[in-house]
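Everything on this sheet refers to the single structure shown next.
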């Protein structure tokens, strides 16, 4: 959940810079980033994305140029999703340090989002990162589930506390 306060362009540029610093397979330039700040377009994006629970005031769409990724013999197409996650995580870390809320979203209609944002064939969206100032009435973060956060040392079963 977010407030109605817009995120300043200077802050969004810091998030974009952080996302672009994330690695790509073989340092191939197949990743693209689109920042969405138009309120009408954000409302439409929410309608296409059941994973958007609040109303963010910005959204970072990370997408892949499949032609450039494919030039790596298909490896780039497979790794681009992982690389998009790294880019989104970089942006989330900076967002948190600047007092913003953020949330990954992958549950959306790919074709509808591409149409809404004018993304042509030959590109694949990887993740939408919701952004905004957190509402004081937002729900508490989910608690870790039992059996989660297990760390092992050197071999399976050697749980490291």
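Side notes on the structure shown:
- Looking across segment 1-16, the residues that are in a helix (DSSP H, G or I) and surrounded by 13 or more Cβ atoms within 10 Å (Cβ to Cβ) come down to 11, 12, 14, 15, 16.
- Exclusive hit being under 14 Å from residue 31 (Cα atoms) and in a loop (DSSP other than H, G, I, E, B), set 60, 72: 72
- Test: residue in segment 122-136 that is part of a helix (DSSP H, G or I), more than 15 Å from the chain's Cα centre (by Cα) and closer than 22 Å to residue 8 by Cβ: no
- Candidate set from segment 56-77 (those that are touching a helix residue (DSSP H, G or I) at 6+ places or on another chain (Cβ under 8 Å) and free of Cβ contacts under 8 Å to residues at least 60 places away in the same chain); member that is surrounded by the most Cβ atoms within 10 Å (Cβ to Cβ): 69
- If you go through segment 18-47 and keep only what is more than 13 Å from residue 126 (Cβ to Cβ), touching a helix residue (DSSP H, G or I) at 6+ places or on another chain (Cβ under 8 Å), part of a helix (DSSP H, G or I) and modelled with pLDDT of 95 or more, you end up with 18, 20, 41, 44, 45.
- Hits in segment 41-52 - residues which are touching a strand residue (DSSP E or B) at 6+ places or on another chain (Cβ under 8 Å) and over 30 Å from residue 25 (Cα atoms): 42
The values are calculated or read from the model by the stated rules, or taken from the named source; none is laboratory data. On a predicted model such as this, the values are computed, not experimentally measured, just so you know. FYI the Cβ positions are ideal-geometry reconstructions off the backbone, even for glycines, and counts take in every protein chain you see.
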